[in-house]
Amino acid sequence: MFIQTESTPNPATLKFLPGQTVLDAGTADFPSAESAERSPLAGRIFAVDGVTGVFFGNDFVTVTKAEANEWDHLKPAILGAIMEHFQSGQPVMADDGSDPSSGHADHDGADGEIVGQIKELLDTRVRPAVAQDGGDITFHGFERGVVYLHMQGACAGCPSSTITLKMGIENLLRHYIPEVTEVRPVGI
């Protein structure tokens with residue numbers, strides 16, 4: 001098994017490409033070791049000292065490290081944990097990862113049509129681009145013209161995420177949906 005690695009715009013996050021499917025559908029975010037209970041793979045990666053976050057996409061794993069740690073020391077151990085997991089035959093998710101949800105929050109209310117357009121633009125234009133960088137951005141809410149988005153994986157805590165939100169996503173949504181006036185990040 002050969003696992004490729006790619007840097008991301010977030011210097012604290014590295015993208016690992018195991019050359020096979022990680023999740024059949026959706027994404028999975030593990031912002032702490034405690035949240036990794038439902039994933040044997042995330043648990044193995046968190047066992048590496050210095051790992052502070054794990055995120056799964058369709059064909060990649062992104063790992064976030066503590067600031068004090070260096071990739072030169074962590075990378076071999078993380079590569080070993082990923083390789084060991086895939087060779088073990090265990091599932092990536094203990095619940096077999098069969099959560100077909102889009103990752104977006106549900107929205108009930110008068111703005112249903114606008115929210116549908118927002119989610120469609122996120123799914124077709126934004127999420128594929130941020131997946132290339134090892135992250136994901138999901139809809140969290142819409143209120144009085146403000147779109148609230150949740151950033152995951154390499155996007156969470158990335159120094160350029162504010163620019164991505166304001167200059168990229170906000171401009172895109174405002175262009176296609178005049179009701180959108182602003183985009184803000186939310187922490188979950």
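Points to keep in mind about this one:
- Scanning the stretch 71-85 for residues that are touching a residue at least 24 places away in the same chain (Cβ under 8 Å) and out of contact with any helix residue (DSSP H, G or I) (no Cβ under 8 Å at 6 or more places or on another chain) yields TRP71, LEU74, LYS75, ALA77, LEU79, MET83.
- Within the stretch 6-19, the residues that satisfy the criterion of being surrounded by fewer than 17 Cβ atoms within 10 Å (Cβ to Cβ) and in a strand (DSSP E or B) are GLU6, SER7.
- For the stretch 124-145, a residue qualifies if it is of a type in the set (A, V, I, L, M, F, W, C), surrounded by fewer than 18 Cβ atoms within 10 Å (Cβ to Cβ) and either farther than 21 Å from TYR176 by Cα or modelled with pLDDT under 75 (or both), but none of them does.
- The single residue among ILE82, ILE45 that is crowded, with 20+ Cβ neighbours inside 10 Å, in contact with a Pro (Cβ under 8 Å, 6 or more places away or on another chain), closer than 21 Å to ALA154 by Cα and not polar (S, T, N, Q) turns out to be ILE82.
- The set of residues in the stretch 152-174 being buried (at least 16 other Cβ atoms within 10 Å of the Cβ), part of a helix (DSSP H, G or I) and aliphatic (A, V, I, L, M) consists of LEU165, ILE169, LEU172, LEU173.
- Residue within the stretch 49-62 that is farther than 15 Å from LYS15 by Cα and not assigned by TED's automatic domain parsing to the domain that holds ASP136 present: yes
- Identity of the residue in the stretch 100-123, closer than 20 Å to ASN58 by Cα and loosely packed, with under 15 Cβ neighbours inside 10 Å, that ends up modelled with the highest pLDDT: GLU120
The values are calculated or read from the model by the stated rules, or taken from the named source; none is laboratory data. Keep in mind the model is a prediction, meaning the values are calculated, not measured. Note that each Cβ is placed from the backbone with ideal geometry, even for glycine, and that neighbours are counted across all protein chains shown.
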